[in-house]
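The values are calculated or read from the model by the stated rules, or taken from the named source; none is laboratory data. Being a predicted model, the structure only gives us computed values, none of them experimental. A quick note on method: Cβ atoms are made from the backbone with ideal geometry, for glycine too, and the neighbour counts reach across all protein chains shown. Surface accessibility is based on the protein's heavy atoms, side chains included, excluding ligands, DNA and RNA. Shrake-Rupley method; radii C 1.70, N 1.55, O 1.52, S 1.80 Å.
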Amino acid sequence: MSGWQDPRDPQPTEPELPRWIFLHALRVTLGRASVWLTHFGLFAALAAAAAAPWFGFYDTAFAHRYEPGANVLELNETVRVDLNHARAAFEAGSRVWVGVLSFVAMLVGAFTAGGWLQLFLEHSKGESVRRFFYGGARFFFRFVRVILMTLFVLQLLAWLVYGKPWDWLVLDKILELPKPELAELTSEAVARRTVFWQDGVYLLLFALVLSWADLTRTRIAVQGHKSVVWAGLCCVATIVLHPIQVLRPLLLLLIAEGLVLAGAWLATDALQASLGPDSGKGTVLALYAVGLVVLAWRTVIRGARYCACVLVTRDVVRPLSRPDPWRRSIGGPGGPRYPIDGDEYGVAL
């Protein structure tokens, strides 16, 4: 008996789109505790590697030289003068190391993006961490190209907002200044307002580009695109045609992230205000814990963004005519996939 299935037969349908996509994405991501803890551990290790040299520098500089507890809240003038040259030399030497770690962090971001998308697109269960690493390796080089494309777009936008185009449009044409320079403005308030709008426009465009990059990665994973430029152009069209449906879940996730960051800022401010010569290690550990909570929450938000991108992409993007590689199937990570409801490739059982 053959397990062949006519391709014209109805295929298994995807689950209905949740009413609140961002809440569903958060719930699903939080349920993948082993995965987001792995993601969190990777970035925590990078943060520790960046902070360790500075900790060693100050530990050596303060050893047996200053009164204990005298510089808990801030460095006094004496310390600033004593450490001025040494700190400047150490900072100059650490720039290369920090730059390398920043580049590694971008590569880790590309890897974890592939891992999250592999989990959210597959229908199989179990071995989440193993499938996470498989997905990271599977899409890594394409997602690195997405990073390069994103950096190019951000650089172009920075030139448009902070370069000659802004000076020509805003300072010359709109404000009609004799010279396209802020110094030509007669009011400092107008100058501050102009810079505020300039920074606000770039911030909005920056957030939009990051959302576009996430959607581009998702489209590459969903439809198997090899060209990141073509996938990016398709996502531009998707955002233009469905702006609210596509961007609303990402905006709500950004608000959820911002609320936790605001709470962490208030907690950090209160803990720092309680620091003093008599403060114990508990306050310092509490500050450290707040930082870890923030990093963990941002990791969860990162995974939830990809979950939301998968849901909205499958809802608004028309599927390809070729067989869907992510249809309901079983099989080990990295190995062949076997459809649950028959064999669409006509292999005899």
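Points to keep in mind about this one:
- Percent accessible area from carbon and sulfur atoms, segment 186-243, protein chains only, probe 1.4 Å: 75
- Residue by residue, segment 161-174 carries 3J(HN,Hα) couplings of 8, 10, x, 4, x, 5, 4, 5, 6, 8, 6, 8, 7, 7 Hz when phi is fed to the Karplus relation 6.51 cos²θ - 1.76 cosθ + 1.60 (θ = phi - 60°); x denotes Gly or Pro.
- Put a plus charge on the Cβ of each Lys and Arg, a minus charge on the Cβ of each Asp and Glu, and nothing anywhere else: the dipole of segment 212-321 about its Cα centre is then about 560 debye.
- Hz values of 3J(HN,Hα) by residue in segment 235-251 - Karplus curve (6.51, -1.76, 1.60), Gly and Pro given as x: 6, 4, 5, 4, 5, 5, 7, 10, x, 6, 5, 7, 8, 4, x, 5, 5
- Cross-link partners for LYS179 among the lysines, with Cα-Cα distance under 28 Å and sequence neighbours closer than 8 places in the same chain left out: LYS164.
- Solvent-accessible area per residue for segment 103-238 (1.4 angstrom probe, square angstrom): 54
- Working note: Karplus 6.51/-1.76/1.60 with θ = phi - 60° gives segment 102-116 the couplings 5, 5, 4, 4, 5, 5, 5, x, 5, 5, 5, 4, x, x, 4 Hz, where Gly and Pro are set to x.
- Seen from ASP199, the other residues with C-beta closer than 14 Å to its C-beta sum to a net charge of +2, counting Lys and Arg as +1 and Asp and Glu as -1.
- Most tightly packed first, judged by the mean number of other beta-carbon atoms within 10 Å of their residues, the peptides 35-45, 232-242, 295-305 read 295-305, 35-45, 232-242.
- Cα gyration tensor shape of segment 179-282, rounded if a/c is under 1.5, else prolate or oblate by comparing a/b with b/c: oblate
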